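The block underneath contains the structure these notes are about, expressed in structure tokens.
The values are calculated or read from the model by the stated rules, or taken from the named source; none is laboratory data. Model, not experiment: these values are computed from the prediction. Positions of Cβ are backbone-derived with ideal geometry, glycine not excepted, and every protein chain shown enters the neighbour counts. These area figures cover heavy atoms from the full protein model, side chains too; ligands, DNA and RNA do not enter into them. Shrake-Rupley method; radii C 1.70, N 1.55, O 1.52, S 1.80 Å.
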Amino acid sequence: MIFHNQPSGRHIGRKRNIFALSFRISNNLFTFAIAMRKIILITGGQRSGKSVQAERLALSLSPQPVYMATAHIWDDEFRQRVARHQERRGSQWTNIEEEKWLSRHDVTGRVVVVDCITLWCTNFFFDRTANEWEQPTVDEALAALQAEFDKFTQQEATFIFVTNEIGSGGVSENAIQRKFTDLEGWMNQYVASKADEVILMVSGIAVKIKSSQDSPTLAHSEKR
């Protein structure tokens, strides 16, 4: 008995070939999307929701993002705090502790949160292995930060940097604080000039202030 509605072997084979081709195209497009380099900067004041926004964004882009923490672990209490944060984020995160040299970690094809630029700047601003008179100048620290940032972000990955919008409260009476404000302010400008997107956090609300369609307006080579 012949069932005329039954698909032929040639028809089934054609459908399989089309499905396989579609799968390969989709897979290649997904790989290409992951491999595209993108830099996102999230800035804002203290307790404005910067880190939470960065984590949410990373999880929306990847099921297994990377969390790169730049804080120096001063003592056991701080080490326990770091462990609690890692436990809160969950096992889907790859946790990396790196105070200065971000580029020595291969994050190709990954979505990585760098939290945060403020503490990263601190590690270049104050050298714990040097004497007081051997500390780097603001210009030296800034040059080292910019060079390391450029080297790190050469990788094909999605980078989400978290920073503090420092200095909004006025000029400090302390000379060291003023120098650090200069350093981080200039570094923030540099990263923002390189970023495809910049998000300002205000009381937990994300305000996009730069998108990939915007033309660059920051003169990062100038110190303002």
Ignoring any ligand, DNA or RNA, what whole percent of the accessible area of the stretch 74-224 comes from carbon and sulfur when the probe is 1.4 angstrom?
50
Show me the chymotrypsin sites (Phe, Trp or Tyr not before Pro) within the stretch 68-174 that DSSP assigns to loop and that have at most 14 other Cβ atoms within 10 Å of their Cβ.
Trp74, Trp101
To the nearest 10 Å², what's Arg128's accessible area with a 1.4 Å probe?
90
Per residue solvent-accessible surface (Å²) - the stretch 157-209, probe of 1.4 Å:
49
Calculate, for Gln146 and Ser203, the FRET efficiency according to 1/(1 + (r/R0)^6) with r their C-beta to C-beta distance and R0 41 Å; round to the nearest 0.05.
0.85
How would Asp150, Asp75, Asp115 line up by accessible area, probe 1.4 Å, largest first?
Asp75, Asp150, Asp115
With a 1.4 Å probe and every protein chain left in place, work out the accessible area per residue of the stretch 54-148 in Å², rounded to a whole number.
56
